[in-house]
Amino acid sequence: MKTIEEIKQAIETKFGVQISIENNSLLIPKEKWPEIASFLKTDPEYSFDYLSSVTGTDYKDYLEVVYHLYSMGRECGPLVIKIRTDRNAAQIPSVVSIWRSAEFQEREAYDLLGIHFEGHPDLRRIFMWEGFVGHPLRKDYVTEDQDRKI
Amino acid sequence: MYGLGVLKGLWVTIKNFTLSYFTRKRLTTVQYPEERITLSEHARTFPILVYDESPDKLRCVACEICAKECPPKCISIVRAQDEAGKPLKQPKFFDIDYSVCMNCGICEEVCPFDSIYMDRQFELSAYERSEEFLYTKDRLAKSAEYFSKIRPETAKKVEEKRKAKEK
Amino acid sequence: MNCPYLQNMDQQSTLDTQRLEVSLGPQHPSTHGVFQMDVVLDGEQVIRLKPVMGYLHRNHEKLMENMSWLACMPYTDRLDYFCALANNFSYALAVEKLAGIEVPERAQYLRVIMAELTRLINHIVLVGFLLNDLGAFFTPVLYAFREREKLLDLFEDVTGSRMMCNYFRFGGVKRDVPPDFILRVREIVNQFPKFLDELEELLTHNEILLSRCQNVGILPKALAVNAGITGPVLRASGIPYDIRKIDKYSIYGRFKFRVPVGEAGDVYDRYYVRILEMRESLQILEQAINEIPDGEVISKAGAQAAKMPRTLKVPKGDAYGRTEAPKGELGFYLVSDGSGKPYRYHVRAPSFINLTVLEDMCIGQKVADVIIILGSIDIVLGEVDR
């Protein structure tokens with residue numbers, strides 16, 4: 001597998017974007033994400049054909065979506081990709097058309113963290129019921145039993 | 001031959017059925033509650049509190065470590081105080097809600113005073129849901145003899161450790 | 001078909017069928033828990049299927065944000081409650097990766113032995129319940145349970161509990177095994193193949209099973225990879241992807257075992273891949289009990305963290321630990337902010353993601369086959385809904 005530096009170089013030259021490396025992961029601007037994703041998947045030098053995990057984290061100032069990519073054909077990985085988005089209007093392009101495995105996981109991230117994945121074919125709540133208010137995994141979500149301190 | 005696989009399969013079931021009358025290997029059930037299997041040394045169900053001489057002298061010093069570490073937070077402890085309001089090294093209340101407890105055994109692992117241990121009593125059905133499963137200090141207190149009866153090896157180790165500490 | 005009546009039926013295509021919307025579950029005995037499928041039927045054929053889940057949702061991930069690192073361990077048992085030890089394994093690996101804790105040699109072997117025993121339990125129960133879904137009520141299940149019981153007794157002796165084991169600690173395992181443990185595992189390794197042979201005699205060449213399972217619910221290779229399917233379902237589609245081989249986590253690099261793959265990717269292949277996987281697990285077990293060394297079962301830092309969980313300092317950062325759980329890739333994505341609790345805790349549940357392709361596999365099949373296709377994916381709702 002190519003090192004993360006090489007992948008960063010390749011993406012930067014091809015798409016003309018600034019990428020930073022943070023804790024062994026690529027921090028990618030969200031505008032170019034679908035193109036970069038299909039490049040990483042289809043380019044024979046990388047061929048990250050297996051998207052293992054999609055999830056998000058609430059860092060209070062911003063939301064971060066984390067993708068773990070592996071390659072089944074080349075048996076290498078992971079390539080960790082992080083995309084940051086604004087907390088109040090959290091929107092990230094969906095990658096369901098590139099990796100089907102994102103289908104349920106993006107729905108889960110939408111349900112629990114309130115990240116809107118643009119272009120997702122069926123973005124509904126998956127665990128919580130329809131009509132549920134709020135997104136439980138956000139840090140400012142008020143749980144029912146706040147008095148039980150640990 | 002078509003159908004041979006089914007016949008072979010039926011032979012397996014017939015074999016199992018008839019042999020279950022003769023061999024213990026194929027009949028593994030016991031007639032509970034008349035017959036019981038022996039539980040292993042570390043089998044665990046719910047926590048108990050161990051005392052040495054009398055039930056009011058618990059080993060517990062109300063340090064509240066177990067209450068803090070308990071994952072579902074089913075333990076609640078109030079420390080006893082003497083008349084002057086000075087905290088004593090014993091619990092005033094020690095309640096465990098058995099209906100919340102998840103039998104993980106973390107309380108017995110973290111207890112530094114060898115006080116809380118997991119019982120192996122599993123027949124705890126009751127007529128009522130809230131109060132009968134709220135085990136207070138008196139109901140949790142079990143003697144050291146009882147503990148060494150249910151878990152002889154662990155009790156032996158604990159005794160040795162406690163004796164070494166006293167010296 | 002020589003029946004004249006049926007031939008007439010074929011010629012008359014005027015018998016129109018009505019589209020019917022059926023809600024299978026959530027209270028349905030063959031959905032393996034509280035799982036719902038909204039199915040649109042054309043006659044007996046499925047033309048649409050939407051999985052509905054969340055009936056067992058406990059917000060596991062949010063709960064864990066208020067727990068110490070160790071207190072999460074018993075909760076991982078409750079994810080996939082058939083394979084508690086495999087879940088423990090994955091979580092322990094992720095935390096060890098984050099905190100940089102070493103694991104002693106003997107503990108590594110014990111972990112592998114327990115994980116492989118769990119795989120045996122999971123696959124044997126799955127085979128039993130798959131046959132239940134087919135309509136072979138409870139004979140194969142009870143044969144499977146009879147064998148499973150021996151393994152569960154072993155688990156009780158070692159961990160203290162039959163199903164909710166809570167056995168792994170960061171940097172090792174909770175306690176050493178009883179002295180007769182190796183002997184008993186050896187007995188299982190010797191006895192289990194005989195049971196598997198018997199089960200295969202009952203099932204593998206059974207014509208009823210063959211005609212119900214072959215060419216049903218085919219999952220093409222390309223779709224399986226694209227949809228992130230893992231575990232036996234992926235391997236049944238013909239891709240030899242096993243994380244034990246790829247990542248060589250823990251000490252799996254030392255063992256010789258093969259990765260069974262299927263050809264057609266149908267229900268029958270998924271059944272047979274699991275049978276073969278059990279035989280490979282027995283190979284690993286045999287090697288492990290021959291090589292297991294004596295020594296510590298938990299490292300010093302780990303023992304301290306188990307005795308005083310609040311002292312475990314996990315540095316800032318994130319880590320993703322993944323293992324080959326019996327149902328597929330089980331991953332834990334953990335973020336630490338340096339306090340004593342996980343800042344973010346995410347479970348990549350294999351049976352949840354494997355459900356992505358349920359609709360693709362079911363379209364065009366008969367409604368009775370939907371049940372066995374769902375059964376062959378092997379879901380546990382504790383893990384799907386979390």
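The values are calculated or read from the model by the stated rules, or taken from the named source; none is laboratory data. Keep in mind that this is a model prediction, so the values were computed, not measured. In this analysis, Cβ positions are derived from the backbone assuming ideal geometry, glycine residues included, and neighbour counts consider all displayed protein chains. Accessible surface is based on the protein model in full, side chains and every heavy atom, while ligands, DNA and RNA are left aside. Shrake-Rupley method; radii C 1.70, N 1.55, O 1.52, S 1.80 Å.
Summary table
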read-out: Residue in segment C:297-335 that is surrounded by the most Cβ atoms within 10 Å (Cβ to Cβ), counting only those that are more than 11 Å from chain A (Cβ to nearest Cβ) and among the hydroxyl-bearing types (S, T, Y); value: C:T323
read-out: Test result for A:S47, of a type outside the set (D, E), open to solvent by less than 60 Å² (accessible area, probe 1.4 Å) and over 24 Å from A:Q91 (Cα atoms); value: yes
read-out: Pairs with Cβ under 8 Å, 6+ apart, first in segment C:259-281 and part of a loop (DSSP other than H, G, I, E, B), second acidic (D, E) and surrounded by fewer than 23 Cβ atoms within 10 Å (Cβ to Cβ); value: C:V259/C:E280; C:P260/C:E280
read-out: Enumeration of residues in segment C:336-381 that are among the small types (G, A, S), in contact with a helix residue (DSSP H, G or I) (Cβ under 9 Å, 6 or more places away or on another chain) and either part of a loop (DSSP other than H, G, I, E, B) or open to solvent by less than 10 Å² (accessible area, probe 1.4 Å) (or both); value: C:S336, C:G340, C:A349, C:S351, C:G375, C:S376
read-out: Members of segment C:282-325 found to be assigned to a strand (DSSP E or B) and in contact with a strand residue (DSSP E or B) (Cβ under 7 Å, 6 or more places away or on another chain), listed by number; value: C:I298, C:G317, C:D318, C:A319, C:Y320, C:G321, C:R322, C:T323
read-out: Enumeration of residues in segment C:192-246 that are among the charged types (D, E, K, R) and under 30 Å from C:E286 (Cβ atoms); value: C:K194, C:D197, C:E198, C:E200, C:E201, C:R235, C:D242, C:R244, C:K245
read-out: Segment C:46-65 - residue that is among the hydrophobic types (A, V, I, L, M, F, W, C) and over 29 Å from A:K139 (Cα atoms) and, of those, nearest to the other protein chains (Cβ to nearest Cβ); value: C:L49
read-out: Residue check, B:S125 open to solvent by 60 Å² or more (accessible area, probe 1.4 Å) and within 17 Å of the chain's Cα centre (by Cα); value: yes
read-out: Filter pass, A:R107 being modelled with pLDDT of 85 or more and assigned to a helix (DSSP H, G or I); value: yes
read-out: Helices (runs of 4 or more DSSP H) within segment B:1-116 that include 3 or more residues within 12 Å of chain C (Cβ to nearest Cβ) and among the aliphatic types (A, V, I, L, M); value: B:4-19
read-out: Inter-residue pairs, beta-carbon under 8 Å, first closer than 16 Å to A:Q105 by Cα and in segment C:49-65, second of a type in the set (F, W, Y) and assigned to a helix (DSSP H, G or I), 6+ apart; value: C:M53/C:F352; C:H60/C:Y75
read-out: Lone qualifier among B:K157, B:K163 - being without any contact (Cβ under 8 Å) to a residue 12 or more places away in the chain and over 24 Å from C:C165 (Cβ atoms); value: B:K163
